[in-house]
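Data first, discussion second: the structure below is written as structure tokens.
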Amino acid sequence: MYYSPLLWATHDGGAHWRRISLGGDIRAMTASTGTVYAMVSRHAGYELFSSPAGKNAWARVGTMTGSSLAVFGKAAWFGTSTYLWATADGVHWPPPAAADPERRPHLACGQVLNHRIPNGPVQE
């Protein structure tokens with residue numbers, strides 16, 4: 001459960017709760033296939049953190065900053081109106097390609113439009 005800037009976690013069905021800090025305001029959270037992601041407002045913008053579901057093992061994902069977040073299965077997308085980072089496995093986040101004005105990526109309702117998942121199908 002989160003309420004910016006507070007994140008509370010329970011691992012015993014709600015009998016005990018622990019407050020967790022990620023060093024900034026939590027702007028969005030999502031989970032899929034055993035991984036939880038949090039978009040956190042920090043000094044240089046929104047940073048992406050992840051943790052295995054069921055654990056308090058939060059770590060920053062790369063050095064990227066963004067303002068949109070979406071997940072589907074093990075795939076995840078994090079970016080801005082200019083750049084979109086994508087992962088097919090939740091672990092490897094290759095640098096984004098240069099933005100193509102004719103095919104700029106957009107996140108909408110948890111889906112990525114006009115972007116290729118690394119080693120995966122095109123999402124349109």
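The values are calculated or read from the model by the stated rules, or taken from the named source; none is laboratory data. Since this is a predicted model, take the numbers as computed values, not measurements. Virtual Cβ from ideal backbone geometry, glycine too; neighbours counted across all protein chains shown.
So the values come out like this:
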item	result
Within the stretch 1-43, tally of residues that are of a type in the set (S, T, N, Q) and either over 13 Å from the mean Cα position of the chain (by Cα) or not in a strand (DSSP E or B) (or both)	4
Qualifying residue in the stretch 3-26 (condition: under 23 Å from residue 74 (Cα atoms) and charged (D, E, K, R))	no
Leading residue by the ranking (nearest to the chain's Cα centre (by Cα)) among those in the stretch 52-72 that are among the aliphatic types (A, V, I, L, M) and either modelled with pLDDT under 85 or surrounded by 14 or more Cβ atoms within 10 Å (Cβ to Cβ) (or both)	69
Search result, residues across the stretch 98-124 that are in a loop (DSSP other than H, G, I, E, B) and at pLDDT 50 or above	98, 99, 100, 104, 105
Selected residue (criterion: surrounded by the most Cβ atoms within 10 Å (Cβ to Cβ)) from residues of the stretch 5-33 that are without any contact (Cβ under 8 Å) to a residue 24 or more places away in the chain and among the small types (Gly, Ala, Ser)	24
Considering residues of the stretch 8-51 that are of a type outside the set (Gly, Ala, Ser) and at pLDDT below 85 only, the residue farthest from residue 69 (Cα to Cα)	43
